[in-house]
Amino acid sequence: MYELIINFLEGPVPMEAYLIVSSIMFFAGIYGFIARKNLMMMLISIELMLNAADLNFAVFNRYLYPEQPEGMFFTLFGIAIAACETAVAIAIIINIYRNLQDVDVEELNQLKG
Amino acid sequence: MQYTLVILLLPLLSFLLIGLLDSKLKPSLAGNLGTLSLAIIAALSYYCAFDYFTADRVNGVFQPVIMQMEWLRFSDSLHIDLGLLLDPISVMMLVVITTVSLMVHIYSLGYMKGETGFQRYYAFLSLFTFSMLGLVVATNIFQMYIFWELVGVSSYLLIGFYYTKPEAVAASKKAFIVTRFADLFFLIGILILSFYTQTFDFATLTAGNSNILSETAGATFLGASVLTWALALIFIGGAGKSAMFPLHVWLPDAMEGPTPVSALIHAATMVVAGVYLVARLFPVYFFYSPEVLAGIAVVGAFTSLYAAVVACVQTDIKRVLAFSTISQIGFMMVSLGASGFEGHEGLGYMASMFHLFTHAMFKALLFLGAGAIIHAVHSNEMSHMGGLRKYMPITHATFLIACLAIAGIFPLSGFFSKDEILAAVFHFCPILGVVMSFIAGLTAFYMFRLYYNIFWGEEHKHEHQPHEAPKLMTFPLIFLAAVTVVAGFIPFGHFVTADGMLYDIHIDMTVALSSTVVALIGIALATLMYRKPTQIPATLAKSSPGLYKAAMKRFYIDEFYLFVTKRVIFNCISRPLAWFDRHVIDATMDGLATITQQASVKIRGLQSGQLQRYVLVFLIGVLLAAAIAIIVYLA
């Protein structure tokens, strides 16, 4: 048991460790997206999921195909899109707040037929 | 003779112009426009008649002029053409239609003045004139059918002109449905005829020696040749338009339309379409199914008798005239049915066409006169009239001329044509001749009953003094009266005969004398009973109340139709069908709709619009899919 932990700490970080972290991030994101009623918190949850995916890209690229850089580029790409998307989403949320003084997602049903 | 095309197209043009502009045109302009176009085509028709009848005869026969183009081609031999056929009867009809129509147009300028929808009225008149002209110049039976239906439609539109009046609406519907019902048989007849002969063309059909027809005569169905069936069905179509018993029910009701319309459509032109149809196909009837021709004679005689009896007791003056029209058309039909083909044998055909011509003139005159009277007293009922001769001298004089003409008094036109008809019928079958003479007497009686009730007898108290109609209305009366006086002297046999050969009319003295005596007896009886208020009519009515009431109710033919349609057809056929439709066909569809709706209510909760719930569902779905994938992968 002790040896196992020493090996784990001293050896190179195994891929599974990264995957465990990204899975935790991803499901935390899903949980936040489903459970939170505040639009802002939902946006943060989406970012969390996106970053988990980015992390997976980087890890798989690093461990499985170290000689090819596509995964890294995808990660950068994902970060850029996340930034744009956040900007748009925040703009929308601010507008909703200005109009309705509320960002509770269950109250936003004016467009429902 | 290319200009005859204008005769056909000008009324169409005027219909389109007036109809499309409608209320944008000033009423007087619309009226004048319609009348002007009619005047032009009337002049052209007269010129055309002059042109046609002064042309040289070939082998003693006026050559038909045919101008046509192919319109629809089904096979090499079977195609539908559109065109003009000018032969003696169509040229004669052109003259009749344009004359009466022109008179009605002029008359309506006065009669319909100030009516709402004046422009619409003139548009419909033009449409009617166009369709009627198209009908008579049709080169083939299918073109005739097209115009036949157009005539039906425009008649419907004109009867229902006062569409705010429920009776007018009901009458127009009745007219349309009854004639349409008859037209169904006409169409079936056309289809059978064309199927076996491979042609629609009148010229081919009526060519005396055509092989097509002889071959067809071989095919039989239910004991009669197919050709006989086709011709009988075509006659039913004609009987519908010409108001032959038992399809006459629409004509008396059609009197709900404006009176000039009754003069044009229900006296002079449309109702003789059936007679014209039989005349057009006369050689076919005569050579290939004389039994149908005999049937036509019987139907015509019965209709004539029936209508004459009913006319004797009606109190609405327009209805009396309507039944008189039915009766006179019966005369024409009898005459056609009794006719032979060549020379003196073909007298009936000539007489029928002659009577068509003279009857159109004096019946239009009678209707227009009735219109002037209605215009003056604002009522159709005889009891509201009486003693009008002092107030309306011109109407009185012209009406009297027309009454004498229809009664058959020398030297008015009706005498000549009716005399020829009686002579032909006596030649065909003496018993029928006696019957027709009796009807002629009845005609004289009921026409003079009408005349005395309107112009003589007890004066009704009027709210305001009746006065003579304006000049626009009296001019057509005078014109038509003049025609009625002189038309009898037209040597009609020189123009229109069954075989096309020249025929000199000679008065058969025995027939002429006997029919004049019968007519005089009728007039004398009417004079005795109605000239001064007497108790004789009431006593007569009381002495046979059953007959009187039955005649008053037109022998319950309408009631019979109502019984058949409402009780029998509605209850036994329509109701079960409606039930089946509602409870089986509709119910199936309703059931499907209900199931769909119930199902959607059940699953509506899923479509909440709540984003987070969707994501939850999506997540569960993905997890399930992943689980399945893993299980499958492991297994």
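The values are calculated or read from the model by the stated rules, or taken from the named source; none is laboratory data. Predicted model, so just to flag it, every value in this text is computed and none were measured. Cβ placement follows ideal geometry from the backbone for every residue including glycine, while neighbour counts extend to all protein chains displayed. Protein only, heavy atoms only, side chains kept; ligands, DNA and RNA dropped before computing areas. Shrake-Rupley method; radii C 1.70, N 1.55, O 1.52, S 1.80 Å.
Odds and ends about this structure:
- Residue within segment B:356-370 that is open to solvent by less than 10 Å² (accessible area, probe 1.4 Å), of a type in the set (Lys, Arg), under 23 Å from residue B:438 (Cβ atoms) and at pLDDT 85 or above present: yes
- In segment B:138-191, residue surrounded by the fewest Cβ atoms within 10 Å (Cβ to Cβ) [restricted to those that are more than 30 Å from residue B:68 (Cα to Cα) and of a type in the set (S, T, N, Q)]: B:164
- Taking every residue in segment B:32-43 that is surrounded by 15 or more Cβ atoms within 10 Å (Cβ to Cβ) and pairing it with any residue that is outside any helix (DSSP H, G or I), at least 6 positions away or on another chain, the pairs with Cβ-Cβ distances below 8 Å are B:33/B:25.
- Where a residue in segment B:601-619 is within 9 Å of another protein chain (Cβ to nearest Cβ) and under 10 Å from residue A:34 (Cα atoms) and its partner, wherever it lies, is open to solvent by less than 90 Å² (accessible area, probe 1.4 Å) and of a type in the set (Phe, Trp, Tyr), with Cβ under 8 Å and at least six apart: B:612/A:33; B:615/A:33
- Filtering A:107, A:67 for residues that are open to solvent by 90 Å² or more (accessible area, probe 1.4 Å), within 14 Å of chain B (Cβ to nearest Cβ) and among the acidic types (Asp, Glu) leaves a single hit, A:107.
- Any chance residue A:101 is within 21 Å of residue B:610 (Cβ to Cβ), within 14 Å of chain B (Cβ to nearest Cβ), free of Cβ contacts under 8 Å to residues at least 24 places away in the same chain and open to solvent by 60 Å² or more (accessible area, probe 1.4 Å): no
- Within segment B:581-614, the set of residues being within 30 Å of residue B:177 (Cβ to Cβ) and open to solvent by less than 100 Å² (accessible area, probe 1.4 Å) comprises B:581, B:584, B:585, B:586.
Results for (1) charged (D, E, K, R); (2) in contact (Cβ under 8 Å) with a residue 24 or more places away in the chain; (3) part of a helix (DSSP H, G or I); (4) within 15 Å of residue B:358 (Cβ to Cβ), shown as yes or no for each residue.
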position	(1), (2), (3), (4)
B:450	no, yes, yes, no
B:453	no, yes, yes, no
B:457	no, yes, no, no
B:460	no, yes, no, no
B:464	no, no, no, no
B:468	yes, yes, no, no
B:472	no, yes, yes, no
B:498	no, yes, no, no
B:502	no, yes, no, no
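- Residues located in segment B:167-196, provided they are within 12 Å of residue B:281 (Cβ to Cβ) and touching a Leu at 6+ places or on another chain (Cβ under 8 Å): B:186, B:189, B:193
- Just one of (1) away from chain A (no Cβ under 14 Å); (2) aromatic (Phe, Trp, Tyr); (3) surrounded by 10 or more Cβ atoms within 10 Å (Cβ to Cβ) fails for residue B:633. It is (3).
- Residues satisfying the stated conditions in segment B:525-542, i.e. more than 13 Å from residue B:457 (Cβ to Cβ), surrounded by fewer than 15 Cβ atoms within 10 Å (Cβ to Cβ) and not polar (S, T, N, Q): B:538, B:540, B:542
- Any hit, segment B:558-573, residues being open to solvent by 70 Å² or more (accessible area, probe 1.4 Å), under 25 Å from the mean Cα position of the chain (by Cα) and closer than 20 Å to residue B:308 by Cα: yes
- Test: residue in segment B:572-584 that is in contact (Cβ under 8 Å) with a residue 40 or more places away in the chain, away from chain A (no Cβ under 14 Å) and out of contact with any Pro (no Cβ under 6 Å at 6 or more places or on another chain): no
- Cβ-Cβ distances below 7 Å connect the following pairs, each with a first residue in segment B:92-118 that is in contact (Cβ under 8 Å) with a residue 24 or more places away in the chain, a second residue that is hydroxyl-bearing (Ser, Thr, Tyr) and open to solvent by 10 Å² or more (accessible area, probe 1.4 Å), and a separation of six or more residues or different chains: B:95/B:46; B:105/B:35; B:106/B:35; B:109/B:35.
- Conditions (1) within 22 Å of residue B:319 (Cα to Cα); (2) of a type outside the set (Lys, Arg); (3) loosely packed, with under 14 Cβ neighbours inside 10 Å: number failed by residue B:548: (3)
- Elements of type helices (runs of 4 or more DSSP H) in segment B:230-320, at least 3 residues being under 19 Å from the mean Cα position of the chain (by Cα) and under 28 Å from residue B:169 (Cα atoms): B:250-253, B:259-263, B:273-280, B:290-311
- Residue within segment A:81-99 that is among the aromatic types (Phe, Trp, Tyr) and not in a helix (DSSP H, G or I) present: no
- Inter-residue pairs, beta-carbon under 8 Å, first within 11 Å of chain B (Cβ to nearest Cβ) and in contact (Cβ under 8 Å) with a residue 12 or more places away in the chain and in segment A:23-44, second open to solvent by 70 Å² or more (accessible area, probe 1.4 Å) and not in a helix (DSSP H, G or I), 6+ apart: A:37/A:106; A:42/A:36
- Residue count for segment A:10-64, restricted to those that are open to solvent by 50 Å² or more (accessible area, probe 1.4 Å), among the aromatic types (Phe, Trp, Tyr) and under 15 Å from residue A:82 (Cβ atoms): 2.
- Selection within segment B:283-311 - surrounded by fewer than 19 Cβ atoms within 10 Å (Cβ to Cβ) and within 20 Å of residue B:422 (Cβ to Cβ): B:294, B:298, B:302, B:305
- So residue A:4, is it without any contact (Cβ under 8 Å) to a residue 24 or more places away in the chain and open to solvent by 90 Å² or more (accessible area, probe 1.4 Å): yes
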